[in-house]
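This report refers to the structure that appears directly beneath it.
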Amino acid sequence: MSREAARNAEPCLRFAPSRVVGLPGASEVVVRPDRLELRSGGRWVVLPFDEMARWPRPARLWRLLSRLGWRPRWLPVGDRDWFHPPRDRFFRFYTDPPLTVFLADEDRGIGYGETLFRRVQDVIGSGGFSTNDLG
């Protein structure tokens, strides 16, 4: 499989956030298993999860293991908060400065597993990363 075909086959979630704190003018978000991509000011900003993850100690050893293909499934890259209306639910990523992505509105009649909030968690989890629940 070509690199482009593999990239197209990976889980990917694209949406227009209700707002983003930490990156002015962000109008589109793409969540992939290994990174967060945001469109801001006509350009794409790519934020790899490996670079924002809170690695256990000794971090150097864990990063080496990650480059060899092994990563703990619980490696946190941010925090999340569900207890709001859909447009106020958010993920705050461990970037410097922190980046908070608020989700889009969605139908109230959908189940939790179909919500954008849950699907973002699923894509992040498919890459071996996680987020901490603030609720």
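Brief remarks follow.
- Antiparallel content of DSSP bridges confined to the chain, in %, to 5: 85
- Proxy reagent accessibility, fewest Cβ within 10 Å first, across Phe15, Phe90: Phe15, Phe90
- Normalised per residue, the volume of the convex hull around the Cα set of the chain (Å³): 123
- Each listed q (0.11, 0.15, 0.22, 0.23 Å⁻¹) maps to a log10 I(q)/I(0) for segment 62-135 from the Debye sum over equal C-alpha point scatterers, namely -0.32, -0.55, -1.00, -1.06.
- The residue among Tyr112, Pro33, Trp55 whose Cα reaches farthest toward the positive pole of the charge dipole of segment 3-123, with charges on the beta-carbon of Lys, Arg, Asp and Glu, is Trp55.
Values in this text are rule-based calculations from the coordinates and carry no lab data. Not measured: the values here are computed from a predicted model. As a convention, Cβ positions derive from the backbone with ideal geometry for all residues, glycine included, and neighbour counts pool all protein chains shown.
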